[in-house]
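The values are calculated or read from the model by the stated rules, or taken from the named source; none is laboratory data. These numbers come from a predicted model, not from an experiment. Cβ sites come from the backbone with ideal geometry, for glycine too, and all protein chains shown count toward neighbours. What goes into the accessible areas is simple: the full protein's heavy atoms, side chains included, and nothing from ligands, DNA or RNA. Shrake-Rupley method; radii C 1.70, N 1.55, O 1.52, S 1.80 Å.
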Amino acid sequence: MQLAALEKYRLLISAEEFLALQAELEKPLVGALRVNPQKANPDEMIPAWADRYGWSLRAVPYCPTGWWLDKTELPPSQTPEHRMGFYYLQDAASMLPVELFDFEPGETPLVLDMAASPGGKTTHLLDRMADQGLVMANDSSASRIQALRVVLANWGAVSGAVTNFPGEKFGAWFPETFDRVLLDAPCSMENLRSTESHPMRPITNRERLALADRQVRLLVSALQAVRVGGQVVYSTCTLAPEEDEGVLDAVLTRYGRAVQLDDMNERLRASAPGLRQVGELAYHPDVVRAARLFPHRLGTSGFFAARLTKTDSILGEQEQIPARSLTRAGWQPVPDVVVREQAESLLQKYGLDIAGKVSGGNLVFWQNGDSVILAPAMYFNRFGEFPVQMLGLLFAEQTPSGWEITHQAAARYWREIQSGKILLDFDQVNAWQRGENLSLRISILPAGQVAMLTDSWGRYLGRGRITSRGVKNLLPRRVIY
Ligand SMILES: C[S@@+](CC[C@H](N)C(=O)[O-])C[C@H]1O[C@@H](n2cnc3c(N)ncnc32)[C@H](O)[C@@H]1O
């Protein structure tokens, strides 16, 4: 089936290139990871992981936080750092679209990720924005929202909001609103590299047309939702021209006066232009400015990405925005006096300064029952009551003795945590990672306190509660081996 899909590309590239493509597909795809810069400094951690886990790494040329894993003694999916969200396993091609956006240092942008689940590119967007501003991560599929929530919680970013609506609606609800919009569109996944998460299957012409039609509608909505001067990145994990250059051609033909396609080949540091001609069909001349990653170009899966800048207004009909107040659902802002009190307690226990995190006004603490979130103020200022499935980071649980910092917040702020730690030896680490409690005599911390577990490498290994018998394991089930 892969071969049948491959045959149609013979006519689209030179004979020499086609041979190179065939040869590339004989080789296994080299996996890659993207470092979470909020949790780890790549300059320090890439050499440390290479040494610790027997990895041989090679930088992805267009993504400063991305590395190919040429050789691994310990699989990268099996380290505590992976489970704690210190890096994300992602095909190098999927690192391209977010790198196509320009972000200014110190900017607090408003970004829409229109088709976001499971969230790989959302985490990348949050990193590029230094976790400032707001990323609205939307997906229309209710069943895929949970995966998005898990990925974002594990990444530990504070500036995300998850929503569950058809992307087609955003143009009519929020015209000319967002600074950037990513549309990583639902597609036929004809990337010439079948994997478990991206299986290739035959696509009928009818399906292809329906996909292309939806892609155009989503891209028009994205172009309406972005402000004049803002950027939209359109990407797919298919090489089918109908879903790539064909979609760009449709919007350029319709909105060419208000949209410009930016040249991305320089950004890519490789020549991978879009296709101007497919058989008898000639596309808009600007489509060559897109990046078409045939697998042999950079040793990735097949992928397509293009950046559009909006130069003039594109307005459609406006529609009433859905509303559901967080306050009516039981959420309340945490009063300043309570934040100050809890900040003092967390400073005492862990040396962690949370008062500083909300002092700039970009972040706020909200509470509902026992759950305390650290959330982007921009959501409340700009969207008020737009229904969200998840907002910011679940920061703490309210207990009778005050706020208890959550696992995801401890992982996120690990580098800032100075005290309240317990150092484990090799055997204890193994038992701990299997989810076992440890019988240790802890005299330096009071019974009942939540301690942070670590080892001689300084890794974050989760939280444990001090008891009279030792340390109770509080690792979430999903991070237990
Ligand atoms: C290619 S996947 C996105 C992958 C994601 N960006 C990532 O990097 O992890 C496409 C997503 O589009 C969603 N989707 C399909 N139709 C949609 C629509 N009309 N509006 C919004 N999302 C849609 C699918 O549920 C799917 O999760």
Computed label-point distance, nm, for sites Ser313 and Asp43 using a 7 Å Cα→Cβ extension: 4.7 nm
Given Lys169/Lys310; Lys349/Lys421; Lys27/Lys71; Lys349/Lys472; Lys121/Lys421, the pairs whose alpha carbons are separated by over 21 Å: Lys121/Lys421
Helical mean residue ellipticity (222 nm; -39500 (n - 2.57) per DSSP H run of 4+; nearest 500) of the chain: -8500 deg cm²/dmol
Distance (nanometres) between label positions extended 7 Å along Cα→Cβ at Ser194 and Arg58: 2.6 nm
Rounded accessible area per residue of region 92-310, 1.4 Å, Å²: 33 Å²
Cut-off 17 Å (backbone N to label point 7 Å along Cα→Cβ of Ser401), residues of region 456-481: 463-474
Accessible area in square angstrom per residue, region 420-481, 1.4 angstrom probe: 56 Å²
Fraction of beta bridges assigned by DSSP in region 420-481 that are antiparallel (%, nearest 5): 70 percent
Contour minus Cα-Cα distance for Ala270 and Ala142 (0.36 nm per residue): 42.3 nm
FRET efficiency, 1/(1 + (r/R0)^6) with R0 35 Å, evaluated for Asp213 and Glu26 via beta carbons: 0.50
Cβ-based charge dipole, the chain, positive-most Cα from Val429, Tyr62, Thr123: Val429
Where trypsin sites (Lys or Arg not before Pro) fall in DSSP loop in region 424-481, at most 13 other Cβ within 10 Å: Arg434, Arg441, Arg469
Region 92-310 shape via C-alpha gyration tensor axes, a/c threshold 1.5: rounded
Antiparallel bridge percentage (DSSP; both residues within region 92-310; nearest 5): 50 percent
Rounded if a/c under 1.5, otherwise prolate or oblate - region 248-304, Cα gyration tensor axes: oblate
Tensor-based shape of the chain (alpha-carbon gyration tensor, a/c under 1.5 rounded, otherwise prolate or oblate): oblate
Neighbour-limited loop hits for trypsin sites (Lys or Arg not before Pro), region 202-293 (at most 15 other Cβ within 10 Å; DSSP other than H, G, I, E, B): Arg257, Arg269, Arg276
DSSP-assigned coil residues among GluC sites (Glu not before Pro) in region 208-276, each with at most 14 further Cβ atoms within 10 Å: none
Region 420-481 - percent of accessible surface contributed by carbon and sulfur, probe 1.4 Å: 50 percent
Placed amide H near Thr467: partners under 5 Å, 5+ positions off or other chain: Gly448, Lys472
Separation of alpha-carbon centers, region 219-234 and region 165-188, rounded to whole Å: 8 Å
Options Gln342, Gln367, Leu440, ranked by Cα towards positive dipole end of the chain, top entry (Cβ charges): Leu440
Estimated dipole of region 420-481 in Debye, rounded to 20 [Cβ of Lys and Arg +1, of Asp and Glu -1, Cα centre]: 280 debye
Accessible surface of region 64-166, 1.4 Å probe, proportion on carbon and sulfur as whole %: 52 percent
Potential lengthening between Leu12 and Glu344 on full extension [0.36 nm per residue; Cα-Cα distance subtracted]: 113.1 nm
Gain upon complete extension [Arg434, Val228; 0.36 nm per residue less C-alpha separation]: 68.9 nm
